[in-house]
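Shown next, in structure tokens, is the structure this report addresses.
The values are calculated or read from the model by the stated rules, or taken from the named source; none is laboratory data. No experiment lies behind these values; they were computed from the predicted model shown. With ideal geometry, Cβ positions are generated from the backbone for all residues, glycine too; neighbour counts draw on all protein chains shown. Remember, those area values only see protein heavy atoms, side chains included, never the ligands or the DNA or RNA. Shrake-Rupley method; radii C 1.70, N 1.55, O 1.52, S 1.80 Å.
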Amino acid sequence: MLWQRLASFQPRVQDIDLQFSRDRIRSPGSPTSSESIQLSELISNVEQDLSDYKEDIQIVENVLLDLKRKKGELERYVDHCKAYLSPIRRLPTEIMSEIFLIYQDLHWSDREDRQFREPLTRPVMAYSSPAMTALVLSSVCKLWYTITLATPQLWSRFSLQIRGKCGSLFHLLEIYLSRSKQHPLTFDVDVNGEGPIMRLLSAHSHRWFCTSGHCPGLNMQTDLPLLQSLEMAYGGAVSLDAFAGARTLRTVSLVGISRFLHSNLPWDQIQVLRARQLSTGDVGLPKYVWELAQKCPALRSLELDFSDYPPRETAGFTSSVHLGKLESLCLQYVMWYNVRELFCLSTLPSLRKLSLGVLGPYDDGPTPDIAVISSFISRSHCSISVLRFTNLRTSMAQIACGMLHHVPTLTELILQESTHSTFHVPAVMETLIAALRISPSPVEVDGHAGESKPALPLLRRLVMEVYADNFPASQFVDMLESRGMLAGGSLGALKLVRLFLQWSDGAEDFNLPLLQSLEAWPGVEIIASTCASRRYLRNEDSERWV
């Protein structure tokens, strides 16, 4: 039709000489009468031709748009056909559900345990956009929508952070609670007291499985039959009685709540207890742990760190601390005299993992004495397999070296040098590396006293996070050779070594070429970290060692 229309159009003005018309305009004089009549007739014909051309152009443009539309429809049709033939459509819905759950877990999480929570609200300090994967997956197609609705786990993990009016969040939370059906709920919450959001969550308290957050002023009294893990940070709060109905509670993690034992929780069944930013007041560390032992006899893992220095225990406190099931003990930001007094009174027969982050000792404290710890190990008859020292300084390096000869069952050693620039002393790592070096004889002999001492434990895994500027690289290589790691993997050799190097600003990495040559050996990993990556490396590997 287009070509038929265009074929019938015969231009009225066909021969156009632009150069002649341009020259005539530039010439002097004016047109004659006959030229004026001729040009007026020409202009009339040209205007009619322009109108016809405009009409034909509009027809061509319409046809072009129609062709583009048909081309786009064909492309979408082919895409739909290919999508319908996609192998993923042949996967069972159960497999698709598992893929969706794995995809959800791959998203970034700022939690220390790296467990993802669907962020229904943008965090106050946001480094990325919220990843509401359940909503995104459910919006792809009808099939995926059906699969997400049939996967309540996708909707049962979320986080809330509210600093004002909840607005549409209430409706969004209703969607997640509805689509999660009766699946146990795992969520983080950070709200100011009770409100519509907390009342809505409380209506589903029978499904709470793992909850964490900051909720000052919470005054909930309800049954929590499924709750097994509780993480709370209360600003100024001293009681956890709102969770007294948690009959199956096993794990408690607290921040900033020192006198938590006065709360009406089922302490006798708690197996994992983490308490951070503690303030013991006028109670020393031994008595503090003794009170824990009386309340929590079933503890398997205990982690305590302090925001102040626990006072020295009074001489009148002589009660023994006994935790028969405790397998993991972590003490951070404590004074050496507190640790010494605690080990003098403690018996932990099941202890397998021990982590110490000691401040000091200083001039006002007793000199480090390995006899205290060796006596504790002998009295407890425990077999420690994992030993970790953080905030290492010269004095505690002596304790760490001494313990190597009293823990023959040790298979994993984690050492973290102090991050404070004023404590970067080369002797710290030199002392430890020298202590780790094994002589050819299975029993080392003291040349001065002529006495023998127990051989070092046969470590399998060594993790060191060090201040790289003064790190004794050559001694480190010699130590690995002495332990058989660089000698073909002899019996009792190290199987894994991970070295984190922290460089100061502007430091020359003289040691790095020597250490990089070790990466060719199986099981050796050298990581040169920056200030920005230091916390990430520590969280991913050693922070969650318990």
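Structure above, values below:
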read-out	value
Residues being part of a loop (DSSP other than H, G, I, E, B) and at pLDDT below 90 - total across region 334-363	4
Selection count, region 259-289, where residues are within 29 Å of the chain's Cα centre (by Cα), among the polar types (S, T, N, Q) and within 21 Å of S229 (Cβ to Cβ)	3
Odd one out for L249, checked against (1) open to solvent by 10 Å² or more (accessible area, probe 1.4 Å); (2) assigned to a loop (DSSP other than H, G, I, E, B); (3) under 29 Å from W208 (Cβ atoms)	(1)
Yes/no for V334 being crowded, with 19+ Cβ neighbours inside 10 Å and under 29 Å from the mean Cα position of the chain (by Cα)	yes
Residue match in region 314-327 (condition: at pLDDT 85 or above, open to solvent by 10 Å² or more (accessible area, probe 1.4 Å), under 26 Å from the mean Cα position of the chain (by Cα) and not basic (K, R))	yes
Among the residues listed as A298, A293, A275, the single one being in a loop (DSSP other than H, G, I, E, B) and within 26 Å of A246 (Cα to Cα)	A298
One residue from D23, D79, D15 being modelled with pLDDT of 80 or more, open to solvent by 70 Å² or more (accessible area, probe 1.4 Å) and of a type in the set (D, E)	D79
Residue within region 423-443 that is more than 25 Å from L486 (Cβ to Cβ), at pLDDT below 80 and assigned to a helix (DSSP H, G or I) present	yes
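So that you can scan it fast, the table gives a plain yes or no per residue for (1) open to solvent by 10 Å² or more (accessible area, probe 1.4 Å); (2) at pLDDT below 85; (3) under 21 Å from I95 (Cβ atoms); (4) over 20 Å from the mean Cα position of the chain (by Cα):
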position	(1), (2), (3), (4)
R122	yes, yes, no, no
M132	yes, yes, no, no
L135	yes, no, no, yes
L154	no, no, yes, no
Q161	yes, yes, no, no
F170	yes, yes, no, yes
